[in-house]
Amino acid sequence: MTTLPLDNSHHIREHLRERASATVKRRQFVSRLMIALCWVAIALAALPLGDVIINLFIHGWASVSSWAFYSQLPAQPTLFSPDAVGGVSNAIVGSGVILGYALLGALPIGIGIGVYNAESDSRFAIVLRLVVATMVGAPSILMGLFAFGLVVVQFGFGFCILAGAFAIGTMMLPVLAASTEIAVRNVPATLREAGLALGAKKSTTSLRIVLPAAITGIVSGAILAISRAIGETAPVLLVIGGSQAFTWKAGDFGQALPLMIYQDASSSYPAQRAQAWGIALFIVIVVFVLSLTARIWANSKQKERR
Amino acid sequence: MSNQESTVNDISMAQVAESASFANAPVAMSLRNVSVAFNGRTAVRDVNFDVPQNAVTALIGPSGSGKTTLLRALNRLHDLTKGAVVTGDVKLGDIDVYGGTIPTTVLRSRIGMVFQRPNPFPTMSLYDNVVSGLRFNGVKKKSILDDACEQALTAAAIWDEVKDRLKAHGSTLSGGQQQRLCIARALAVEPEVLLMDEPTSALDPISTASIEELIGQIKNHVTIVIVTHNMQQAARVSDQTAFLLMADDRAGVQIEVGPTSKIFNDPDDSRTLDYIRGRFG
């Protein structure tokens, strides 16, 4: 058995002090290097994004800033009037109506599934969670095909806005369910217990205590779902028919913004290609404003509770 | 006699007159061979005692002795935990708590609870918080809710502080005020028994004192069972004390139950004395 060299501990102390300055220098160097690497990573991520946004403004601003873009229907340019592209009023309304119907269906069902998944341990909930996780990653064209098969063909509605809403709704559903589940799980258990301890039923506690407490998270999820859905081309391409007329009726052929981009972008007329840029810019602005509003709202809500 | 002993004794002597008074009081709740197990592992074993009406019963004991686990068995809060099994008899008056004759929602409105950390509902105003229990149980009439709100807040000694801002959120209150709000919320449904799970452990000394004073006032209306880590607190506020300890198999067992003055001055079990005198725990 060896004895601990307690009387030698001074040496260790001296040794440590000698090393200290070297250590500090090395750590400072590593720290600066890492911060520099972080900036490089940020630049790598931000440069292409900045490039996209700048290009959107360069090519699309003229369209977005003209009143005709919002007020007129699309027109077909000719060789004699190559700039007569009209506006995209029908597509703006079409996209709005599709999103509205999609939300009408997907919000209650998605939130319901999310709450159920968060609050239940049943085998069904486990399976449902797996289904949701899979659907979140499913390519959007699948939802388009699903809507095409079910609404357009099976139910015989034909190409229409409703079918587009169905496709977009099924796309938003898993996003809503997943974000709701996370938001509900983040509500402290002690609030749930407080409700139950007051004699509230489990369902009452979920609906009137847990759900309101999770609302900011749920709204963030809804905004994310909307942002994804508004630019989604594949599902609507398959099912809404692509009308050039103005309509908001669920049973009519419809038009949507991303579909217009798809049509305009392949045109041989520069003015139509410019319109495609304009629509893309318009979508980016809408999503940006939505996200910003949601963030400001959530912050004020959070402040109110503190 | 060491300083520590005399301090404890000084506190408890002041209680003697009061704590003797519950001897003939009716029984609010009775526990017979109550055990709680989680996934087959016993957490509390064979607890037996009566909770006298309109008195304060304190559950004391070191960490892990099962105080909170036992408390939560009284209002069936373990029902939420998968794998939790409560055995033995818990009675509220003549009603078998686990007998299936009383719905848990009704039971929990008759046995209220205050938690370790103040937990006002963050999305509700002060007013909505206080009357939430009534609303959950279907009361809609505004005059009833208004009255209940004022009564409960008055009983919780916070009415004067908040009466002009009932629309504000619970989070605008201090920690102590929040806890009194939670007490008001629990009292609003007029429970017969109020369970308190270390209600002052997250509070500063002044707020703690105000909650303790409040406990002395509301025990005329409601029977209280309080879990506390703080022995001085048990001595100050309680009439009866139950001392729990972790057995060799890590299950909490009841060592001694009796009038607080007896437990603190002349306990039967040497382990109680050791704990009271701060020799462990």
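Placing R0 at 56 angstrom, the Cβ-Cβ distance between A:Gln76 and A:Leu292 gives a FRET efficiency of 0.95 after rounding to 0.05.
Each principal axis of the Cα cloud of region A:239-306 was evaluated for its coordinate range; sorted largest first, these ranges are 56, 32, 17 Å. Our analysis of region B:193-281 gives Rg over Rh at 0.98, with the two radii drawn from alpha carbon positions and Rh computed by the Kirkwood formula. Charge dipole (Cα centre; +1 on Lys/Arg Cβ, -1 on Asp/Glu Cβ; no other charges) of the protein assembly as shown amounts to roughly 1380 debye.
Taking the protein assembly as shown on its own, what percent of its Cα-Cα pair distances exceed 46 Å? The answer is 42 percent, as a whole percent.
In region B:101-231, what is the volume of the convex hull around the alpha carbon atoms, normalised per residue and reported in Å³? Show your work: numbers first, answer last.
Values: hull volume 14.3 nm³, N = 131.
So the per-residue Cα hull volume is 110 Å³.
The amide H of B:Met29, built 1.01 Å from its N in the peptide plane, has B:Val51, B:Gly93 as neighbours under 5 Å, considering only residues 5 or more places off or on other chains. Protection proxy ranking of A:177-186, B:249-258, by the mean of other Cβ atoms within 10 Å over each peptide's residues and highest first, is A:177-186, B:249-258. Just report the Cα centroid separation between region B:54-75 and region A:107-153, whole Å. Going from one Cα centre to the other spans 44 Å. Among A:Phe124, A:Ala276, A:Val289, which residue has its Cα furthest toward the positive end of the charge dipole of region A:89-305, with +1 on Lys/Arg Cβ and -1 on Asp/Glu Cβ? Farthest towards the positive end: A:Phe124.
Divide by every residue of chain A the summed helix terms, -39500 (n - 2.57) for each DSSP H run of at least 4, and state the resulting mean residue ellipticity at 222 nm, rounded to the nearest 500 deg cm²/dmol.
Numbers: 12 runs with 219 residues, N = 306.
Result for chain A: -24500 deg cm²/dmol, rounded to the nearest 500.
Taking the charge dipole of the protein assembly as shown about its Cα centre, with +1 at Lys and Arg Cβ atoms and -1 at Asp and Glu Cβ atoms, the residue from B:Ala55, B:Ile206, B:Gln217 reaching farthest to the positive side is B:Ile206.
Would you mind computing Rg(Cα) / (2.2 N^0.38 Å) for region B:60-139, counting N as its residues?
On the way: Rg = 14.8 Å, N = 80, 2.2 N^0.38 = 11.6 Å.
Relative to the 2.2 N^0.38 Å estimate, region B:60-139 comes out at 1.27.
Taking the Cα centre of each part, how many Å lie between region A:33-59 and region A:230-302? The distance from the Cα centre of region A:33-59 to that of region A:230-302 comes to 25 Å.
Pick from A:Arg13, A:Arg32, A:Arg129: which is most flexible by mean-square fluctuation in a GNM of chain A where alpha carbon atoms under 10 Å apart are linked? Residue with maximal mean-square fluctuation among A:Arg13, A:Arg32, A:Arg129: A:Arg13. Rounded to the nearest 10 degrees, the angle from helix A:161-185 to the longest Cα principal axis of chain A is 20 degrees. Taking chain B as a Gaussian network of alpha-carbon nodes connected by springs under 10 Å, the highest mean-square fluctuation of the residues B:Val139, B:Val34, B:Val51 belongs to B:Val139.
Give me the inter-chain shielding for B:80-86: mean count of other chain Cβ atoms within 10 Å, whole number please. Let's see the in-between values first.
Values: counts 5, 0, 1, 0, 0, 0, 0.
Shielding by partners across B:80-86 averages 1.
The C-alpha radius of gyration of region A:190-306, expressed as a fraction of 2.2 N^0.38 Å, stands at 1.58. Springs between alpha-carbon atoms under 10 Å, Gaussian network over chain A: tell me which of A:Trp277, A:Trp39, A:Trp248 tops the mean-square fluctuations. For chain A, modelled as a Gaussian network with Cα springs under 10 Å, the answer is A:Trp39. Summarising the amide proton neighbourhood of B:Thr241: residues at separation of 5 or more, or on other chains, whose placed amide H is nearer than 5 Å comprise B:Ala58, B:Gly258, B:Thr260. At q = 0.14 Å⁻¹, what is the log10 ratio I(q)/I(0) for chain B, with the Debye formula run over Cα points and no solvent? Treating every Cα as an identical point scatterer, log10 I(q)/I(0) equals -1.01.
Which value results when the Cα radius of gyration for chain A is divided by 2.2 N^0.38 Å? Intermediate values should be presented prior to the final figure.
Details: Rg = 27.5 Å, N = 306, 2.2 N^0.38 = 19.4 Å.
Against the compact-globule rule of thumb, the ratio is 1.42.
Once every DSSP H run of n ≥ 4 in chain B is given -39500 (n - 2.57) and the sum is divided by its residues, what mean residue ellipticity at 222 nm do you get, rounded to the nearest 500 deg cm²/dmol?
On the way: 12 runs with 107 residues, N = 281.
Helices in chain B give a 222 nm mean residue ellipticity of -10500 deg cm²/dmol.
Calculate the mean, over all residues of peptide A:198-209, of how many other protein chain Cβ atoms lie within 10 angstrom of the residue's Cβ.
Working: counts 17, 17, 8, 5, 4, 0, 6, 1, 0, 0, 7, 6.
Rounded to a whole number, the mean comes out at 6.
Rule-based calculations on the coordinates, nothing more; no lab input. Values in this document were obtained by computation on a predicted structure and should not be read as measured data. A quick note on method: Cβ atoms are made from the backbone with ideal geometry, for glycine too, and the neighbour counts reach across all protein chains shown.
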